[in-house]
């Protein structure tokens, strides 16, 4: 159970690092794609777009930490949390790639 929290923490740090990278490489007027519920093609400002993914990671991490406080009551479902956070990280990297391509940047 503790391993899940450690892995989740590492992934959360990676998400923050990816946002910092995005802040440096994206132009100020970049639009970052975000998936809000059932809507597609939602583009938000650079600042909001780079904060939303790590914020979602923090929420999932806090839920994971709350469910693993008592290891005797924690279910094996907490091992799903690092997988969900990895998916968020991959989506975040993809969103930055889309924002770069829409900004006319190569790569």
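The values are calculated or read from the model by the stated rules, or taken from the named source; none is laboratory data. Please read all numbers here as calculations on a predicted model, not as lab measurements. So basically every Cβ, Gly included, is an ideal-geometry build from the backbone, and we count neighbours across all protein chains shown.
Would you be able to tell me the number of residues in region 63-94 that are modelled with pLDDT of 80 or more and touching a helix residue (DSSP H, G or I) at 6+ places or on another chain (Cβ under 8 Å)?
13
State yes or no: is residue 30 in contact (Cβ under 8 Å) with a residue 24 or more places away in the chain, under 22 Å from residue 102 (Cα atoms) and touching a helix residue (DSSP H, G or I) at 6+ places or on another chain (Cβ under 7 Å)?
yes
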